[in-house]
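Take a look at the structure below.
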Amino acid sequence: MNKEFRISTGEDLIQFFETEKLTSNEISQILEKGLMLFADESKPPEVLIQEFKEYWERWKHTRERPLFLGLNLDVK
């Protein structure tokens with residue numbers, strides 16, 4: 001059985017990640033294909049979800065945003 005999900009916002013995507021039992025690889029693939037955002041799939045799913053929450057809170061729909069999830073741009 002195939003499920004259909006309508007995801008229109010980052011908040012919808014976060015909710016999808018939190019409710020589905022996805023692997024780190026699946027989360028990484030969704031982020032890459034949907035947002036051109038690259039994630040480290042060696043991290044646990046919970047860490048990737050938390051990093052995406054923080055990323056979305058800060059960047060939302062900004063055109064110029066980091067390409068890598070978990071990247072700290074404040075490093076000097």
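Brief remarks follow.
- Expected 222 nm ellipticity per residue - DSSP helices of 4 or more, -39500 (n - 2.57), all of the chain, to 500: -15000 deg cm²/dmol
- For the chain, the relative contact order works out to 28 percent when only alpha carbon pairs closer than 8 Å and six or more residues apart are counted.
- Charging the Cβ of each Asp and Glu at -1 and of each Lys and Arg at +1, and nothing else, the dipole of the chain about its Cα centre rounds to 220 debye.
- Anisotropy class of segment 10-50 from Cα gyration tensor, a/c 1.5 cut: oblate
- Ignoring lysines fewer than eight residues from Lys21 along the same chain, the ones with Cα atoms less than 21 angstrom from its Cα are Lys3, Lys33, Lys43, Lys53.
- Fully extended contour minus Cα-Cα distance, from Thr62 to Phe5, at 0.36 nm per residue: 18.1 nm
- Only protein atoms count toward the accessible area here, which uses a 1.4 Å probe; on the chain, the carbon and sulfur part of that area reaches 51 percent.
- Burial ranking of peptide ranges 35-43, 23-31, 8-16 (average Cβ count within 10 Å, highest at the top): 23-31, 35-43, 8-16
- Average accessible surface area per residue within the chain, 1.4 Å rolling probe, Å²: 78
The values are calculated or read from the model by the stated rules, or taken from the named source; none is laboratory data. Remember, predicted model here, so these are calculated numbers, not experimental data. Neighbour counts run over all protein chains shown; Cβ positions are idealised from the backbone, glycine included. We work out accessible area using only protein heavy atoms, side chains counted, and drop any ligands, DNA or RNA first. Shrake-Rupley method; radii C 1.70, N 1.55, O 1.52, S 1.80 Å.
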